[in-house]
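The values are calculated or read from the model by the stated rules, or taken from the named source; none is laboratory data. Owing to the predicted nature of the structure, the values given are computational and were not obtained by experimental measurement. Neighbour counts are summed over all protein chains in view; Cβ atoms, including those assigned to glycine, are modelled from backbone coordinates with ideal geometry. Surface areas here come from the heavy atoms of the whole protein model, side chains and all, with no ligands, DNA or RNA. Shrake-Rupley method; radii C 1.70, N 1.55, O 1.52, S 1.80 Å.
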Amino acid sequence: MALALVMLSAVAACTSEPSSPEPAPTATPTPKATKAADLSEHESGPESPIAYGLYVPEGATQLGPLFRYRSTKLIEAYRPELQAAQAQKDAETADRIAEDEANGTPSPTPTPTPTTRPSPDSFKLLEEPPRPDTTISLMRIDGDPGVVMRRMLAQMSAAVPEADVQIDDLSAYCRAKDRRITGCQAVVRGVTDGNRDIRITMSVDPGKLSTRTAPPAALTRPVMQVVAEYVGDPRAGQLARDTGSLNDVPDVDPDAEGSGLIWPKMDEDAPLTTKLVNGWTVPTDATLLLSSFTPQFAAVTTARAMEADQIAEQFALRNSPDGRVTKDVTEDLNSVSTMYAVRTKNGSIARAVYILSARGNYTALFYTPRAN
């Protein structure tokens, strides 16, 4: 490419006209519309699995992969076992070094080799490292928002049969001003048919009603976040996989919703320079996949793994009151997830999840304000 530019410059120099004694008028550039990035390769359609039988509902599109991580409760439950395994390894290493020195063959000090690979699983010393117990799906709602949300509510009802989920009344979960919806959240907690104690939280952000502006990269559509968590005993949660299918998912009649609430239409997306996730802005070397004002989240993809990892770590550091960050790495069959988390000065939780996979490099940022 550089050679081509040099050749083009040389051709231009040879064919240019003699310079005029009068300065050429400066042309005023014509503003060009910014073309939205093609995100199709990062999208997952309806029926894509989430967790505990949940799936992307018809009319929604998941952006990026599922973001999965170990909760603080799970990490703390297995920390004593990890510390014991580490102590055992250290003792074996010390014994080996002492034996080598006694035989007159001191063990050489290993020289670290620079690598761009992510760190190994934080619990790799255990025979069976604990699996992540939290899964987050980030979706753009392309269909009728009310119907899509009710389809998700129907799944939540099927996942936790004893929960009293209102499928045909959005006013049970949505805030509104002059009947225009300003935000929605539904939380279901209970035991599944497979005896799994879980909590499912669905949140929908339609955009800012006052300015009729959607979050950046939302394509003027509402965005939805679904969080599925195992909240029972951490060790008991590891005894079974988070697989299976839902039974008896209620049908959703598009005309049966009776709240009378209206989904406001957004005129445009907020610019990419908008401050998101506690003041964070999208770096120039990342492509924004999706974002939300409430709850605060942003998901990006990058060309290089190092960039995605740096975005995640730096987000956590900028929210850390003392410069310390909790880091946990989880290895899966086809990907490696690295979570960085901190509790801010005001008690909020800032969390970033970086995923390295064959599909690409992804980072999602989350900010959860302290509960009042």
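The Rg/Rh ratio of the chain, with Rg taken over Cα atoms and Rh as the Kirkwood radius over Cα pairs, comes to 1.09.
Solvent-accessible area assigned to carbon and sulfur over segment 227-326 amounts to 46 percent, based on a 1.4 Å probe. For the chain, the membrane-span-like helices by this rule, meaning whole DSSP H stretches whose C-alpha atoms cover at least 18 Å of axis and whose Kyte-Doolittle mean is 1.6 or above, are 2-15; this says nothing about an actual membrane. Entry note, the chain: the mean residue ellipticity at 222 nm calculated from DSSP H runs of n ≥ 4, each adding -39500 (n - 2.57), is -7000 deg cm²/dmol after division by the residues and rounding to the nearest 500. For G360, the amide hydrogen comes within under 5 Å of no other amide hydrogen, counting only partners 5 or more places away or on other chains and with H modelled in the peptide plane.
Once backbone amide H atoms are built at 1.01 Å from N, W280 has no partners under 5 Å, excluding neighbours fewer than 5 places away on the same chain.
Evaluated with a Cβ-only charge set (Lys, Arg +1; Asp, Glu -1), segment 159-219 carries a dipole of roughly 480 debye about its Cα centre, given to the nearest 20. In the frame of its principal axes, segment 300-372 has Cα extents of 40, 20, 19 Å, reported largest first.
Only aspartates and glutamates eight or more places from K265 in sequence, or on another chain, were considered; those with a Cα closer than 16 Å are D142, D144, D178, D205. Considering only V226, I198, A176, and ranking their Cα positions along the charge dipole of the chain that arises from unit charges at the beta-carbon of Lys, Arg, Asp and Glu, the one farthest toward the positive end is A176. Under 5 Å from the amide H of S259 lie the amide H atoms of L170, S171, each residue being 5 or more positions distant or on a separate chain, with H modelled from the backbone and absent for Pro and chain starts.
Using only side-chain charges placed at the Cβ, +1 for Lys and Arg and -1 for Asp and Glu, the dipole size of segment 275-345 relative to its Cα centre rounds to 400 debye. Of the cross-linked pairs K275/K345; K208/K327; K89/K327; K177/K275; K73/K345, those separated by over 29 Å at the C-alpha level are K208/K327. Kindly provide the Kirkwood hydrodynamic radius of segment 275-322 in Å, to one decimal, from all pairs of distinct alpha carbon atoms. Taking every pair of different Cα atoms in segment 275-322, averaging 1/r and inverting gives 11.3 Å. Computed from phi, the 3J(HN,Hα) profile of segment 230-238 under the Karplus parametrisation 6.51, -1.76, 1.60 (θ = phi - 60°) reads 8, 10, x, 4, x, 6, 5, x, 8 Hz, with x in place of Gly and Pro. Converting phi to 3J(HN,Hα) with the Karplus coefficients 6.51, -1.76 and 1.60 and the offset θ = phi - 60°, segment 345-354 yields 4, 8, x, 6, 10, 10, 9, 10, 10, 10 Hz in sequence order, with x at every glycine or proline.
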